[in-house]
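Visitor: Please see the structure below; I have some questions.
The values are calculated or read from the model by the stated rules, or taken from the named source; none is laboratory data. From a predicted model like this one, the values you see are computed outputs, not experimental measurements. Cβ placement follows ideal geometry from the backbone for every residue including glycine, while neighbour counts extend to all protein chains displayed.
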Amino acid sequence: MAISTVFAFVVYLLAMLGIGMFAYKLTSKHSDYILGGRGLGPSVAALSAGASDMSGWLLLGLPGALYASGMSQAWIVIGLMIGIFLNWQFIAKRLRIYTEVSGDALTLPDFLDNRFRDNSRVLRIISAIVILIFFTLYTSAGLVGGGLLFEESFGLDYTVALWVGALIIVSYTFLGGFLAVCWTDFIQGIIMFLAIIIVPILAIQSLGGFGAVVSQVGQIDAGFNDIMTDTSLLGIISLMAWGLGYFGQPHILARFMAIRSPREVPKAQMVAMFWVVLAMYGALFTGYAGVAYFADAPLENPETVFLQFTQVLTNPWIGGVLLAGVLAAIMSTVDSQLLVCSSVISEDFYKGMIKPGASDRELVNLGRISVVVIALIATLLASNPEAQILSLVAYAWAGFGAAFGPVIILSLFWHRVTRNGAAAGIVVGALTVIIWKQLSGGLFDVYEILPGFIFGMLAIVVVSLIDNVPPIEIRQEFATVRDHIHADSYGDALGTPPPAVE
């Protein structure tokens, strides 16, 4: 690889570490480390949410799926775009308000604990365990992508490449916490966006234009041009069900909780939708163009199609920047996942159940240690170079979507949800995903998030209706949040007596 490519890549890495060191100086309180003091502007919140959401699967997994199977995989993108829009439209503002009103909750387990006045800590324990299990798997998927990047681009042994990638990500997350993660995500989001737009444009131009690409792909396999190839109604629903996952992803919901003001949510939504729509189309056409470009020498690993394009289409300097875009995609998700796991250990387990009076410095130090420990476990799980990024992401995505999606939606929109109903929904959703994943054939070929989401939602509704009506203070708090949202006067109305609830 050219020295200029390596130089451009190294400059990017040093910049990310520099941000981590700068954020370190601004991180003294535990709330700063895990939620940035609720001070994110709309653009940073939007790009941070998008970058932490997309990860290496946007530049590696999704183009690889299109390269291997053609346009039928586009249903995933359609489902995701719908899910992103609905999440920003209906969840972001309400969650931002509710988490602050309900005891200034800093994490998802913290919010559920406060929302339902759960003195038993059952909700906190269950949700924290689910987060640690699925995020460790999710993080390992990102680290597989990092190992693949360094292996393919720099010729490193996969194991060495894996540990190099993990060390880089852990370094700035360890130092700067949430602020470092969000600021680096903002920059990484811009780099990812440019990379995923530039590469397919260059690829399509090199093949003679879009019409020529369509013709060449059709000659290779006519089914690759048809979005309905090898699909059924159930198959389409299964692929689009990816969009359900957005309602339950802790690292994305944390960005909603950290936005500076609920009134800035619409601005953030506009930025987020612009970014994600163009980025996803870029990923689709990267894989699609790869079918034609590499027809004479098919790739052994479809998920390397973007990496191969950066090496054959660009000069070394631009190639280094584009490779940095891949690492940006990986880093922006892994750092967020490590931080959520860290906050669960320090805020929900240690402060919530072991030492409620722990100092800020003690919690921040524990959070940093937790980042290292979780990263070590995830790196060991990622040691198999044959692991498929999209498969690992799909499992973890389904776990979070089914476990937390229904309980977040109903907690924000239905006053009748009870503590027992919420706990039942989390357990049923997570277990359904785990069990369904082990089954195969016929009806069980449906993506596990769909049955997990449906059964989790039903469990919450049924158990809550059987259970006693929530206490008056819970219903009053719900009414307070509802009135702030409807009046669009949150902030001005803080401190006023809650409305009466019968």
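Visitor: Condition first: within 23 Å of Gly235 (Cβ to Cβ), buried (at least 22 other Cβ atoms within 10 Å of the Cβ), among the small types (Gly, Ala, Ser) and within 21 Å of the chain's Cα centre (by Cα). Can you find one or more residues in the range 67-79 that meet it?
Guide: Within the range 67-79 (the criterion being within 23 Å of Gly235 (Cβ to Cβ), buried (at least 22 other Cβ atoms within 10 Å of the Cβ), among the small types (Gly, Ala, Ser) and within 21 Å of the chain's Cα centre (by Cα)), the answer is yes, since at least one residue qualifies.
Visitor: Quick one: count up the residues across the range 170-206 that are more than 15 Å from Leu47 (Cβ to Cβ), of a type in the set (A, V, I, L, M) and modelled with pLDDT of 70 or more.
Guide: Residues meeting the conditions: 7.
Visitor: Restricting the first residue to the range 395-421 and requiring it to be over 23 Å from Ile133 (Cα atoms) and touching a residue at least 40 places away in the same chain (Cβ under 8 Å), which pairs with a second residue that is among the β-branched types (Val, Ile, Thr) and outside any loop (DSSP other than H, G, I, E, B) meet a Cβ separation below 6 Å and a spacing of at least six or different chains?
Guide: Filtered contacts from the range 395-421: Leu410/Ile460.
Visitor: Let me ask you something else. Between a first residue in the range 310-322 that is surrounded by fewer than 18 Cβ atoms within 10 Å (Cβ to Cβ) and a second residue that is outside any loop (DSSP other than H, G, I, E, B), which pairs have beta carbons less than 6 Å apart while being 6 or more apart in sequence or on different chains?
Guide: Pro316/Ser4; Pro316/Thr5; Trp317/Ser4; Trp317/Ala8
Visitor: Something else about it: Check Val461, Val433, Val469 and return the single one that is modelled with pLDDT of 90 or more, farther than 16 Å from Tyr98 by Cα and loosely packed, with under 15 Cβ neighbours inside 10 Å. If you could, list the steps in order and put the result at the bottom.
Guide: Numbers: Val461 fails: loosely packed, with under 15 Cβ neighbours inside 10 Å; Val433 fails: loosely packed, with under 15 Cβ neighbours inside 10 Å.
Of Val461, Val433, Val469, the one residue that is modelled with pLDDT of 90 or more, farther than 16 Å from Tyr98 by Cα and loosely packed, with under 15 Cβ neighbours inside 10 Å is Val469.
Visitor: When you scan the range 68-77, do you find a residue that is within 30 Å of Ala222 (Cβ to Cβ) and of a type in the set (Val, Ile, Thr), even just one? Even if it seems obvious, please write down each step before you answer.
Guide: From the range 68-77, those within 30 Å of Ala222 (Cβ to Cβ) are 68-77; that's our starting set.
When the remaining residues are screened for being of a type in the set (Val, Ile, Thr), the result is 76-77.
Yes: one or more hits.
Visitor: Sticking with this one: Spot the failing condition for Phe274; the list is (1) buried (at least 22 other Cβ atoms within 10 Å of the Cβ); (2) closer than 30 Å to Ile97 by Cβ; (3) at pLDDT 90 or above, and only one is missed.
Guide: (1)
Visitor: Under the condition of being of a type in the set (D, E, K, R) and touching a residue at least 24 places away in the same chain (Cβ under 8 Å), which residue from the range 126-167 is nearest to Leu59 (Cα to Cα)? Walk me through how you get there before you give the answer.
Guide: Filtering the range 126-167 down to residues of a type in the set (D, E, K, R) leaves 151-152, 157.
Filter once more, keeping what is touching a residue at least 24 places away in the same chain (Cβ under 8 Å): 151-152.
Working: Glu151: 16, Glu152: 14 Å.
Top of the filtered list is Glu152.
Visitor: Here's a check for you: in the range 336-375, which residue that is more than 27 Å from Ala141 (Cβ to Cβ) and among the basic types (Lys, Arg) is surrounded by the most Cβ atoms within 10 Å (Cβ to Cβ)?
Guide: So the residue we want is Lys351.
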